[in-house]
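The values are calculated or read from the model by the stated rules, or taken from the named source; none is laboratory data. Since we're looking at a predicted model, the values are computed, not measured. Don't worry about glycine lacking a Cβ; one is built from the backbone with ideal geometry, like all the others, and counts go over all protein chains shown. What goes into the accessible areas is simple: the full protein's heavy atoms, side chains included, and nothing from ligands, DNA or RNA. Shrake-Rupley method; radii C 1.70, N 1.55, O 1.52, S 1.80 Å.
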Amino acid sequence: MQPEILAADGRLEAVVRRILAERFARCEIDDEEYGRRLALLRSRATGPTPL
């Protein structure tokens, strides 16, 4: 799926969280890196764009 489509559905953040969790589970990133990336994702989360 294209990121633009996911963003339009409002599911992009959920997809990114799942990817981070999968990488953490495979030990590709450690718990500190996982926490940093998750915090960054949360800090950039925005609500719906006004019309």
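General remarks:
- Pairs, first modelled with pLDDT of 80 or more in the stretch 1-23, second among the β-branched types (Val, Ile, Thr), C-beta under 8 Å, six or more apart: LEU20/ILE29; ARG23/ILE29
- Residues that are touching an Asp or Glu at 6+ places or on another chain (Cβ under 9 Å) and open to solvent by less than 70 Å² (accessible area, probe 1.4 Å) were ranked within the stretch 24-51; the one that is modelled with the lowest pLDDT is ALA45.
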